[in-house]
Amino acid sequence: MRNASKALLVAAMTTAAFGASVAHAQTAAPAAAPATPEHTLTANGGLFSEYIFRGISQTAGKPAVQGGFDYSHSSGIYLGTWASSISWLQDFGAYTRSSLEWDFYGGYKGSFADDFSYDVGLLYYYYPGTANPGVTKADTLEGYVGIGWKWLSAKVSYNFKDYFGAKPTGAGTDGTLYWDFSAAYPLGESGVTLNAHYGILDVKNDGSGAGKVSYDDWRIGLGYTIPDGFMKGVEVGAYYSGNNAEEGFYTDLTGYNTAKDRGVIYLKKTF
């Protein structure tokens, strides 16, 4: 009888241990989050009612089609290209034919102290087409350094060539600086982001009076990314842009003031 009781006790302990093992297996710690891919390739495209660059219209009030590709490595290195339709080079009589801005860029970005980030790189603006006699080509090379904190960011760009071909006094404009202060603040769980920007363009040898090139610009707007349905992932947005640029320098041959304040609506998506 004693041996039978002992056998029953051993069987009960074995069963309990087995059950505990099964329960442990069923309530194991959650799996680790997927590792960041070593290589990432994305594409983006957008349709804008007008292309505004640093507060100045590049399409004289007409719509623009834009898009590009980006590659990033888990180390922080990235490369990319982006293009947009333009008209300003022809509108100002600088090029015989030119309807494209094609950018190439690369750099390194990372983060520190949890909420801080940094970005260092080079950006080349290429404008295919033929410049008219006596006109400096608009191709431009800039280096930039940026820092961010949560939804705030600041970046300074330094120009290594004449600033998009501009020579208001006849002297070179290499050494031009552009300061960009931006914010992208999410409005709770609504999916809407408030976007704001203030920029300062300091053009070397920038002239004076109606021909002065330097100015400050600003922009404020809202963006909403559609969460599901046929247009899932598409960002719908609008913003208003303004500046204090001199109208004389930024009015094209048709009489259009490319520096006037204006509103823009857009659709864009990253794939």
Using a 10 Å cut-off on Cβ atoms, rank the peptides 113-119, 196-202 from the highest mean neighbour count down.
196-202, 113-119
Going down the list 212/260; 62/260; 150/232; 62/268; 161/212; 109/150, which pairs span over 23 Å between their C-alpha atoms?
150/232
What distance in nm lies between label points placed 7 Å from Cα along the C-beta direction at residue 70 and residue 220?
2.6 nm
Suppose R0 equals 45 Å. What FRET efficiency, 1/(1 + (r/R0)^6) with r the Cβ-Cβ distance, do residue 39 and residue 210 give to the nearest 0.05?
0.35
Ranked by how many other beta carbons lie within 10 Å on average, peptides 64-70, 228-234, 83-89, 47-53 from highest:
83-89, 47-53, 64-70, 228-234
Could you sort 160-169, 262-271 so that the peptide with the highest average Cβ count within 10 Å comes first and the rest follow in order?
160-169, 262-271
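Only the coordinates and a few stated rules stand behind these numbers; no lab work does. Since the model is a prediction, treat every value here as computed from it, not as a measurement. Note that we place each Cβ from the backbone using ideal geometry, even for glycine, and neighbour counts take in every protein chain shown.
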